[in-house]
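The values are calculated or read from the model by the stated rules, or taken from the named source; none is laboratory data. This structure is a prediction, so every number in the text was calculated from the model and none was measured. All Cβ positions, even for glycine, are placed from backbone atoms using ideal geometry, and neighbour counts span all protein chains on display.
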């Protein structure tokens, strides 16, 4: 009964976006967020879904991550499997030029450097994205393992860094590693941040799921592998919708 009440609250207050509708609309999607949240892996998972749906000729991959050693190589490994080139970007002018070149693609995914929310580089990167990609769809990638105060900091400072281009969507990662996801669910509710995906593992492209209010409520209340609820770990895959089949309905 308690789980159902919490589920009802989550269903009412958490804004959930339909990922297929979001990407079917096309455009430029920039992925931003702190270091260590699994952003590049998340971009690869999203890219795989877009290739399934639209075909590789309709998807472009860009990266602005020139700070982290091996960052571009990591994305290139995933991209090679998908049959996609990775285009590196130096600055805002270069970003604008590369986006113009990719404008015939239905979906353009831009991976960015993971930057601490209090790092001065975050402001530089926000300004580069704002100048180079205009009204792109900003997606904030956040880890469920991060404490509430830091999550608050991340949202507030990212929005403040670029007041003209607020965050349009959130992807929560590492729900499989978090003891509880209540803090990040609370954060989403208070800041009215739309939730696009939940990532619950390292596998590409499998471990990326459409948000489900029953799962969010359950994991907000119970640690992973808890025996306190009728919903057990072996049932969670059924609750987290396996949406790869839907994505594979390629749109031409």
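Could you grab me the full set of residues in the range 154-182 that are outside any loop (DSSP other than H, G, I, E, B) and either crowded, with 19+ Cβ neighbours inside 10 Å or in contact with a strand residue (DSSP E or B) (Cβ under 7 Å, 6 or more places away or on another chain) (or both)?
154, 155, 158, 161, 169, 170, 171, 172, 173
Could you run through the range 26-45 and say how many residues are assigned to a strand (DSSP E or B) and closer than 23 Å to residue 153 by Cβ? Result for the range 26-45: 3.
Within the range 228-252, the residues that satisfy the criterion of being surrounded by 14 or more Cβ atoms within 10 Å (Cβ to Cβ) and at pLDDT 70 or above are 246, 247.
Mind checking whether some residue in the range 84-92 is within 18 Å of residue 205 (Cα to Cα) and over 20 Å from the mean Cα position of the chain (by Cα)? Within the range 84-92, one or more residues are within 18 Å of residue 205 (Cα to Cα) and over 20 Å from the mean Cα position of the chain (by Cα). Candidates in the range 201-227 are the residues that are under 22 Å from residue 21 (Cα atoms), touching a helix residue (DSSP H, G or I) at 6+ places or on another chain (Cβ under 8 Å) and at pLDDT below 85; of these, the one that is surrounded by the fewest Cβ atoms within 10 Å (Cβ to Cβ) is 206. Being at pLDDT below 85 and closer than 20 Å to residue 43 by Cα is the filter here; which residues of the range 135-164 pass it? Matches in the range 135-164: 135, 136, 154, 155, 158.
Close contacts from the range 203-231, counting a first residue that is over 16 Å from residue 174 (Cβ atoms) and a second that is assigned to a loop (DSSP other than H, G, I, E, B) and modelled with pLDDT of 80 or more, with Cβ to Cβ under 9 Å and a gap of 6+ residues or different chains, come to 210/18; 213/14; 221/180; 222/180. Residues in the range 9-23 that are at pLDDT 85 or above, out of contact with any helix residue (DSSP H, G or I) (no Cβ under 8 Å at 6 or more places or on another chain) and assigned to a helix (DSSP H, G or I) were compared, and the one that is nearest to residue 143 (Cα to Cα) is 22.
Filtering the range 135-153 to residues that are assigned to a loop (DSSP other than H, G, I, E, B) and touching a strand residue (DSSP E or B) at 6+ places or on another chain (Cβ under 7 Å) leaves 136, 144. Among the residues of the range 96-134, those that are modelled with pLDDT of 80 or more, touching a helix residue (DSSP H, G or I) at 6+ places or on another chain (Cβ under 7 Å) and part of a loop (DSSP other than H, G, I, E, B) comprise 105, 106, 112.
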